[in-house]
Amino acid sequence: MEELLTTRQVQDLLKVDRITIYRMLQDGRLKGVKIGQQWRFPRSEVERLLGRTPTETSSQAIDLAIGFPTHCVQPIQDLYAEISGLSAVVVDNDGNPLTETSHPCALCQLLWQHEQARADCQTSRRRMVHEVGPRGGIATCHAGLNYLLAPIYDEGQVVAWFLCGPCFWQNPPTDPETLWRQLAEQYDLPVEQVRAAAGEIRTIDPSQHQRVAAWPTAAARAVQGILRERLLFIERLQQIATLTQIS
């Protein structure tokens with residue numbers, strides 16, 4: 001996500017005074033957005049002026065001034081999880097969470113008590129994002145559970161993913177006891193607790209596949225609508241900023 005700099009930070013980086021910053025805004029040499037009474041400047045703009053190649057903290061394309069609108073997306077995700085009975089989270093293109101997980105399953109909560117399990121979960125999310133491709137689909141996590149992933153687009157690019165699960169997409173493992181024992185041993189957990197938590201995982205009958213697969217896509221489109229509205233809002237702010245620039 002694009003880092004925003006204050007006027008003072010830009011002054012220090014460019015070695016110029018405040019008046020020069022405002023002049024650069026007016027003549028188009030520098031782009032910024034006015035939030036309330038304060039100017040904020042994308043770091044990539046300053047890097048460009050310094051002749052550097054802009055760097056990004058991840059592969060996602062979200063670069064609008066106020067970042068990912070978690071406060072708007074979270075209620076949609078929470079409602080989805082409540083209705084579907086599946087956990088849900090929005091992640092970026094590297095699998096990093098952009099929202100808090102809604103309705104986390106008992107098995108995940110149990111595994112997350114182990115630091116290595118949390119790290120494996122993060123690695124698994126990153127792999128699943130790249131595995132399903134730009135159209136989304138079904139992927140399997142490190143614990144052998146299925147997840148549904150739907151891409152979220154912003155300005156024609158995939159910037160995030162609506163990820164829901166876990167579930168068994170068709171049938172539970174043919175030898176679930178072995179899987180639960182392996183997880184218990186790997187993360188130093190009582191096998192009885194792993195078995196009990198896994199018993200709550202939902203199996204999606206094939207007759208329900210088409211309907212259930214459409215759910216995360218619908219949620220992803222709702223998030224896209226929020227991103228589009230945010231873009232229009234930022235454009236309006238920039239138009240206002242142009243009118244209020246100090247010469």
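Readers should treat all values here as calculations from the given coordinates under stated rules, not as data from a laboratory. Computed from a predicted model, the values in this text were never measured in an experiment. As a convention, Cβ positions derive from the backbone with ideal geometry for all residues, glycine included, and neighbour counts pool all protein chains shown.
Points to keep in mind about this one:
- Stokes-Einstein D for the chain, Kirkwood Rh over Cα pairs, 25 °C, 0.890 mPa s (µm²/s): 120 µm²/s
- Derived scalar couplings ³J(HN,Hα) [segment 174-189; Karplus, 6.51 cos²θ - 1.76 cosθ + 1.60; whole Hz; x for Gly, Pro]: 5, 10, x, 4, 5, 4, 5, 5, 5, 5, 4, 5, 4, 10, 6, 10
- Value at 222 nm in deg cm²/dmol, rounded to 500, when DSSP H runs of n ≥ 4 in the chain each add -39,500 (n - 2.57): -15500 deg cm²/dmol
- Where only C-alpha atoms are counted, convex hull volume of segment 80-177 per residue in Å³: 106 Å³
- The residues Leu50, Leu4, Leu107, when put in order of fewest to most other Cβ atoms within 10 Å, stand as Leu50, Leu4, Leu107.
- Rounded to whole Hz, the Karplus (6.51, -1.76, 1.60) HN-Hα couplings of segment 158-168, x for glycine and proline: 6, 10, 6, 9, 8, 10, 9, x, x, 7, 9
- Other-chain or far-sequence residues with amide H under 5 Å of Leu5's (modelled H): Phe41, Arg43
- Annotation: amide H of Leu98 within the under-5 Å range of Val90, Val91, Asp92, sequence separation 5 or more or interchain, hydrogens built in the peptide plane.
- Share of Cα-Cα pairs in segment 4-57 lying beyond 16 Å, as whole percent: 34 percent
- Segment 125-139 - phi-based ³J(HN,Hα) in whole Hz, Karplus 6.51/-1.76/1.60, Gly and Pro as x: 4, 4, 5, 5, 4, 6, 6, 7, x, x, 8, x, x, 9, 9
- Of all DSSP beta bridges confined to segment 70-229, the antiparallel ones make up roughly 90%.
- Percent of Cα pairs exceeding the 23 Å cut-off, where the set is segment 117-241: 45 percent
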